[in-house]
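Scroll down for the structure; my scribbles are underneath it.
The values are calculated or read from the model by the stated rules, or taken from the named source; none is laboratory data. Fair warning: this is a prediction, and the values are worked out from it, not measured in the lab. With ideal geometry, Cβ positions are generated from the backbone for all residues, glycine too; neighbour counts draw on all protein chains shown. Keep in mind that these areas ignore ligands, DNA and RNA; they rest on the heavy atoms of the full protein, side chains included. Shrake-Rupley method; radii C 1.70, N 1.55, O 1.52, S 1.80 Å.
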Amino acid sequence: MNDATQTVSRPERETSSERGKALANVIFNAGLAALFVGLFIQAGDLPSSMWEPLGAGSFPRLILGALVIFNLAIMVQSMAALRGTDRAASVGARRWFLQRRLAFATLASFAIYALSMPWIGFAMASLLFLLAVQFILGARRGRRLLIAAIIAAIFGLGLYALFSHVFLISLPSGRLW
Amino acid sequence: MPMTDALLSSVEQLFSLATLVSMMIGVVAGVVAAAIPGFTITMAIVLTLPVTFTMPPLQGVATMLAVYVGGGSGGLISAALLGIPGTPSAVATTFDAYPMARKGEPGRALALGIWASFFGALVSAVVLIVAAPPLAMIAVKLGPWEYFSLILFAVTVVASLVGKSILKGLMMSLLGLFIATVGQDPMMGVPRFTFGVDVLAAGIPFLVVLIGIFAVSQLASEVENPTELQQGKPLVSGEIQFRPFAVMREVLSHPGNLLRSSMIGVVIGAVPGAGGSIANLIAYDQAKRASKTPERFGTGIADGVVASESGNSATAGGGLIPMIALGIPGSAVDAVLMAALMVQGISVGPRLIMDNADLAYGMFLAMFLAAVMVLAFCLVSMRWFLRITEIPKSIIVPVVLVCCAVGALALNNRVTDLYLLIGVGLVGYLLAKLDYPLAPLVLGVILGPIAETNLRRALMADEDWTLFLTRPISAGLLILAVLSVAFTVRRILRQRAAVQA
């Protein structure tokens, strides 16, 4: 699924450019259709069963086959929509990303948070993550930064204590210490 | 287990101190979470799930139901005081509750909504208790053919109800069904589509998909707009006066509206895929049509608040009907409840009422109890509600994301689940931006293994494919599935024609 998501990440802008959206859909559905065809072929190697007419591969192939058809249908629809839009209009992928920079920054921080957790542990990682995202989202100085720090401390350490001591769910404690 | 024994046993389990306390916490959490714009009821329930792992089954489910019922009322708070629906279920509530609050009666608006919610939940619990057991009796007799057709029907209804394009809706359902096939094959245990990658070996856990789609990607879209992050001051200032019992009499003086809206909520809740977010609008619309003074709707009248709030609360019990009777969740929230039971090792389906009668009755009673608790909590704490809605998103979003991480880790304590969560969250975010509805995907993931197992069982019993079309119930369900698609296509074509004209 990864290659498909990367293809879609490029060109799109929501509000003003119908064209960008249609184009993104065409590329996205083409990518997905190719992916599903590949998986469909791969599913053919799954073993059949002595006990039943359908083996491990039949149901996935049924679904994948239908998915390919639906993707192609959406692609045709989007291409029609694409033809209907103004050719000169820019796709505006750059602007689309810039407009949503906070959302992507938040998701990126979340990814870094997950990657660092096995090393520095849940409590420390959460504390840093909470502080970083609040900073990104606007708690830059003074009182708001102080509140952000307090929230980070309470929830970072508090959730760790709550889950590991009260609910007995063990969270990563960190490999570095 | 005879019915009375089961009932007594469930009462005993439900009225234990631990359960009452965790339900009360659940109610408070549900109300508070749903009152915060950007924090949906589904998110709250998804995040409650990992906490219930260590509880006994009934306590776990009762706690989640408490969050659910609490959430139904919480959405009302920001709808009435800020004019922003705290959850999609409260959209129609803003039509009349907000004008009423601005006209200087915020207390009356809130109290009306709270009482209407309470009666809505009550009606739906009654219908659930009456309807679920006989439906389950019929459902036990259904064969794998009927089950497979039922799932097809559920999937098409969901796809046609949400989103703008039925093609995209159906594609998302199929994608969900496909995601569910990753990991081990349900009948033979053969690994499928894992490509030797450790992260995928155990499949993509349902909970991870759920948190990724309904929390992570949702939260990402909450922080898109930098100007919206600094939340404005509530437009309704301070002083909230309320006279709960006078308002209760006022709500009860609209019995027709109350009952009609609640029944609309129950029926819509029982249809897969529809839910509170649709019920409140339809209930409001129907109340307006039935009213002698439809022109006054939208100006801040009691009827509008009562219709919307009793309608959305009643979906809670309605949604449990197909889940308890058939093992098919009616909405994302019910899917989470079902996942909670499955984690506890309880198989959900028509045999639930027979094999785990105490649990089923316990769930019915928990609905009542939660409705009472919400009422009590809301009436006591109403004065502080204004405060809750003032918490800025820059605090909510990171804190909830950390809770998401806890939720993903709590299931198996695997950090790889966290990586999957981020992947699902990102994909979900991009899909939402491309106008793909996400609810069908989630239902597809939970229905996938049930669909596959039943399809394969059906063909194992008899290799004849045509049985799906010749067994009457199965054929009827398939016809309904085709009709639901056909009607949606017709509706969309008409809308398109109307736009062009």
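Key figures for this structure:
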read-out: Whichever residue in the stretch B:56-99 is outside any helix (DSSP H, G or I) and β-branched (Val, Ile, Thr) and, among such residues, is surrounded by the most Cβ atoms within 10 Å (Cβ to Cβ); value: B:Thr87
read-out: Matching residues, the stretch B:358-413, being of a type outside the set (Lys, Arg), closer than 30 Å to A:Ser109 by Cα and more than 14 Å from every other protein chain (Cβ to nearest Cβ); value: B:Ile388, B:Thr389
read-out: Residue check, B:Ala136 under 30 Å from B:Asp464 (Cα atoms) and either touching a residue at least 60 places away in the same chain (Cβ under 8 Å) or more than 23 Å from the chain's Cα centre (by Cα) (or both); value: yes
read-out: Unmet criterion (only one of (1) in contact with a Lys or Arg (Cβ under 8 Å, 6 or more places away or on another chain); (2) more than 10 Å from every other protein chain (Cβ to nearest Cβ)) for B:Asp185; value: (2)
read-out: Extreme residue, nearest to A:Arg94 (Cα to Cα), among residues of the stretch A:129-143 that are touching a Ser or Thr at 6+ places or on another chain (Cβ under 8 Å) and open to solvent by 20 Å² or more (accessible area, probe 1.4 Å); value: A:Ile136
read-out: Search result, residues across the stretch B:34-52 that are within 14 Å of chain A (Cβ to nearest Cβ) and in contact with a helix residue (DSSP H, G or I) (Cβ under 6 Å, 6 or more places away or on another chain); value: B:Gly38, B:Leu47, B:Thr48, B:Leu49, B:Pro50, B:Thr52
read-out: One residue from A:Ala108, A:Ala123, A:Ala33 being of a type in the set (A, V, I, L, M), farther than 15 Å from B:Met171 by Cα and open to solvent by less than 30 Å² (accessible area, probe 1.4 Å); value: A:Ala123
read-out: Inter-residue pairs, beta-carbon under 6 Å, first at pLDDT 85 or above and in the stretch A:48-61, second open to solvent by less than 60 Å² (accessible area, probe 1.4 Å), 6+ apart; value: A:Phe59/B:Glu452; A:Pro60/A:Ala43; A:Pro60/B:Thr181; A:Arg61/A:Ala43
read-out: Residue in the stretch B:327-338 that is within 19 Å of the chain's Cα centre (by Cα), open to solvent by 10 Å² or more (accessible area, probe 1.4 Å) and not β-branched (Val, Ile, Thr) present; value: yes
read-out: Top-ranked residue of the stretch B:145-170 - restricted to ones that are in a helix (DSSP H, G or I) and of a type in the set (Ser, Thr, Tyr), ranked as nearest to the other protein chains (Cβ to nearest Cβ); value: B:Thr156
read-out: Top-ranked residue of the stretch B:430-443 - restricted to ones that are at pLDDT 85 or above and in contact with a Leu (Cβ under 7 Å, 6 or more places away or on another chain), ranked as nearest to the other protein chains (Cβ to nearest Cβ); value: B:Leu431
read-out: For B:Ser173: the one exception among (1) at the interface with chain A (Cβ under 10 Å from one of its Cβ atoms); (2) part of a loop (DSSP other than H, G, I, E, B); value: (2)
read-out: Residue within the stretch A:120-143 that is more than 8 Å from chain B (Cβ to nearest Cβ), part of a helix (DSSP H, G or I) and either touching a strand residue (DSSP E or B) at 6+ places or on another chain (Cβ under 9 Å) or more than 24 Å from B:Pro392 (Cα to Cα) (or both) present; value: yes
read-out: Counted residues, the stretch B:191-220 - those being open to solvent by less than 30 Å² (accessible area, probe 1.4 Å) and assigned to a loop (DSSP other than H, G, I, E, B); value: 4
read-out: Residues of the stretch B:100-109 classified as at pLDDT below 85 and open to solvent by less than 20 Å² (accessible area, probe 1.4 Å), total; value: 3
read-out: Criterion (touching a Phe, Trp or Tyr at 6+ places or on another chain (Cβ under 6 Å), over 22 Å from B:Leu142 (Cα atoms) and open to solvent by 10 Å² or more (accessible area, probe 1.4 Å)) met by exactly one of B:Leu369, B:Leu365, B:Leu258, B:Leu281; value: B:Leu258
read-out: Meets criteria (facing chain B (nearest Cβ under 10 Å), surrounded by fewer than 20 Cβ atoms within 10 Å (Cβ to Cβ) and of a type in the set (S, T, N, Q)) for A:Ser48; value: yes
read-out: Single condition B:Thr19 does not satisfy, out of (1) within 14 Å of chain A (Cβ to nearest Cβ); (2) assigned to a helix (DSSP H, G or I); (3) β-branched (Val, Ile, Thr); value: (1)
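Okay, residues lined up against (1) β-branched (Val, Ile, Thr); (2) surrounded by fewer than 17 Cβ atoms within 10 Å (Cβ to Cβ); (3) more than 7 Å from chain B (Cβ to nearest Cβ):
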residue	(1), (2), (3)
A:Asn25	no, no, no
A:Asn29	no, no, yes
A:Leu39	no, no, no
A:Gly44	no, yes, yes
A:Phe59	no, no, no
A:Ala66	no, no, no
A:Arg83	no, yes, yes
A:Trp96	no, no, yes
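To keep it simple, each residue is scored yes or no on (1) of a type in the set (Gly, Ala, Ser); (2) touching an Asp or Glu at 6+ places or on another chain (Cβ under 7 Å); (3) farther than 27 Å from A:Ala125 by Cα.
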residue	(1), (2), (3)
B:Ala370	yes, no, yes
B:Ala376	yes, no, yes
B:Arg383	no, no, yes
B:Cys404	no, no, no
B:Asn412	no, no, no
B:Gly423	yes, no, no
B:Leu426	no, no, no
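This table checks each residue for (1) small (Gly, Ala, Ser); (2) more than 27 Å from B:Ser277 (Cβ to Cβ).
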site: B:Val424; (1), (2): no, no
site: B:Ala432; (1), (2): yes, no
site: B:Pro437; (1), (2): no, no
site: B:Val445; (1), (2): no, no
site: B:Asn454; (1), (2): no, yes
site: B:Ala461; (1), (2): yes, yes
site: B:Ala475; (1), (2): yes, yes
site: B:Arg491; (1), (2): no, no
site: B:Arg496; (1), (2): no, no
